[in-house]
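Notes follow the structure.
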Amino acid sequence: MSAEITDSRSADGPDGSDASGGSGGPGGSGGVGGTGGPREPGVPARLPASGAAPASPASGTAPAASASPAASGFHIPAGRGADGPYALDISPEKAGWGYSSLRILDLPPGGHHSFATGDSEWIVLPLSGGCTVVTDSPDADGPGTEDTGTDAPDAASFELAGRESVFSGVTDFAYVPRDARVRIASGAGGRFALTGARCERRLPARYGAASDVPVELRGTGTCSRQVNNFGAAGVFACDRLIAVEVLTPGGNWSSYPPHKHDECRPGEEAELEEIYYFEIAAAHGTQGLGYQRVTPSGRGRGTDVLAEVRGGDAVLIPDGWHGPSIAAPGHDMYYLNVMAGPGETREWLICDHPDHGWIRGTWPDQPVDPRLPLYQAPSGDPR
């Protein structure tokens, strides 16, 4: 399969989600949670987004391409994955896999949106602006929980201070469980990521404070990047969901060396589907860009992507060696990683590409990029 090189942009059609005041337009890495009983992989209802139709695991032949909106590529340019109230809507059915989801929601001042969590757990993560998250989860707890004063039994509310942008600071967030109703409202408006994963266990709804988010500096030299581990395994309890933010200074490479997590090898590698969602910092009045590479690992769909990425784009990684993620000089790159898979244990275990893993051995001899960290987690509760 040849590499997919894409830079097209178009809009997709609506769905029937419940929203008011929302906007569907495009925009600009062991754990707590542990095992959760028997795991049954989800059965995808449609073919995935792909540069070409995926190969059949049984025959190795390529089936006919899907007619679904996501069938245009593993790279989803901004606007192309819009659906109903969401600027981007990636579900297991649309991606053609079993677990990982991502929705990007834009709300105008005074806007609000309601949705049912269904069979998935979700983290509501402000990308810009703040919001109130109300859930009818009867077991909600933690800082930020308040009586809503509504007629909903045992409803709870989380006030999220949010942030100006993904390049300005760490944000607080809210976890909402499966089988619940959720309402998000924003007085000043903003953009919000809903990171999700199909799961079995129903954990309590909780508030995640920005001050509790570990900020990690990973790599050195031109491989330096910052990782905000807000939803990492071992940091914040979920059943299956793993989510982190990565910030790469302009001119640097991240997600490097290339690595994969597309098979279960206990103690060595976890099987995880992954979504990359990008925002790129503008500079001198110019919108930024970056590049994302994925090469086949010999498993799954033979994912092969070489994409120019811009703000609001996403890349689906069902399998394969992914990396590097390249930030153009002068334009810092942000991406949100959303991962989930069928493993009994919620853990992030990766395997480096054998041709490139040696680069880690050079890191101790180089300093971390002095531009990092771009920011630290706040020392207190900003609310």
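For Glu344 and Arg181, what is the calculated FRET efficiency with R₀ set at 30 Å and r taken between the beta-carbons, to the nearest 0.05?
Details: r = 30 Å, r/R0 = 0.99.
Rounded to the nearest 0.05, the efficiency is 0.50.
Assuming a ≥ b ≥ c are the square roots of the Cα gyration tensor eigenvalues, decide whether the stretch 80-123 counts as rounded (a/c under 1.5), prolate (otherwise, with a/b larger than b/c) or oblate.
The shape class here is oblate.
Pop out the ³J(HN,Hα) list for the stretch 103-114 in order, Karplus 6.51 cos²θ - 1.76 cosθ + 1.60 with θ = phi - 60°, rounded to Hz; leave Gly and Pro as x.
Karplus-based 3J(HN,Hα) across the stretch 103-114 equals 10, 10, 10, 9, 10, x, x, x, x, 8, 8, 10 Hz.
If you average the C-alpha positions of the stretch 245-285 and of the stretch 286-355 separately, how far apart do those two centres end up, in angstrom?
5
How far apart, in nm, are two points set 7 Å out from the Cα along the Cα-to-Cβ line at Leu306 and at Ser379?
Distance between label points: 4.9 nm.
Looking at the stretch 225-327, which GluC sites (Glu not before Pro) are DSSP coil and have at most 16 other C-beta atoms within 10 Å of their C-beta?
Of the GluC sites (Glu not before Pro), the ones in loops of the stretch 225-327 whose Cβ has at most 16 other Cβ atoms within 10 Å are Glu268.
Just check the stretch 306-362 against the gyration tensor rule for me: Cα atoms, a ≥ b ≥ c as the square roots of the eigenvalues, rounded for a/c under 1.5, and otherwise prolate or oblate depending on whether a/b exceeds b/c. It would help to have the intermediate numbers written out before the result.
Values: a/c = 2.12, a/b = 1.22, b/c = 1.73.
It comes out oblate by the Cα gyration axes.
Please sort 248-261, 366-379 by packing, taking for each peptide the average over its residues of neighbouring beta carbons within 10 angstrom, highest first.
By packing density, highest mean first, the sequence is 248-261, 366-379.
Could you run the Karplus curve 6.51 cos²θ - 1.76 cosθ + 1.60 with θ = phi - 60° over the stretch 205-218 and give me ³J(HN,Hα) per residue in whole Hz, x for Gly and Pro?
Result, ordered by residue: 5, 8, 9, x, 7, 4, 5, 9, 7, x, 9, 10, 9, 10 Hz.
Give me the number: length gained by fully extending Glu263 to Asp365, i.e. 0.36 nm times residue separation minus the C-alpha to C-alpha distance, one decimal in nm.
Details: separation 102, 0.36 × 102 = 36.72 nm, distance 3.25 nm.
Full extension from Glu263 to Asp365 adds 33.5 nm.
How much length is gained if the chain between Asp119 and Asp355 is pulled fully straight, taking 0.36 nm per residue apart and subtracting their Cα-Cα distance, in nm to one decimal?
Here the answer is 81.0 nm.
Quick check: net charge around His259, other residues with Cβ under 14 Å of its Cβ, Lys/Arg +1 and Asp/Glu -1? Intermediate results must be reported in sequence, preceding the final value.
Working: positive: Arg218, Arg225, Lys260, Arg265, Arg293, Arg299, Arg360; negative: Asp262, Glu263, Glu268, Glu269, Glu271, Glu274, Asp319, Asp352, Asp355.
Neighbourhood net charge equals -2.
With each label point set 7 Å from Cα along the Cα-Cβ vector, what nm distance links Glu159 and Ala283?
If labels sit at Glu159 and Ala283, their model points lie 3.8 nm apart.
Rounded, prolate or oblate, given the Cα gyration tensor of the stretch 158-242, with a/c below 1.5 counting as rounded?
Oblate, because a/c is 1.5 or more while a/b does not exceed b/c.
When ranked by the protection proxy of mean other Cβ atoms within 10 Å per residue, highest first, what sequence do the peptides 218-226, 347-355, 109-117 form? Don't skip to the end; give the middle numbers.
Values: 218-226: 20.6, 347-355: 16.0, 109-117: 17.7.
Result, highest mean first: 218-226, 109-117, 347-355.
Readers should treat all values here as calculations from the given coordinates under stated rules, not as data from a laboratory. These figures come from a predicted structure and were not determined experimentally. As a convention, Cβ positions derive from the backbone with ideal geometry for all residues, glycine included, and neighbour counts pool all protein chains shown.
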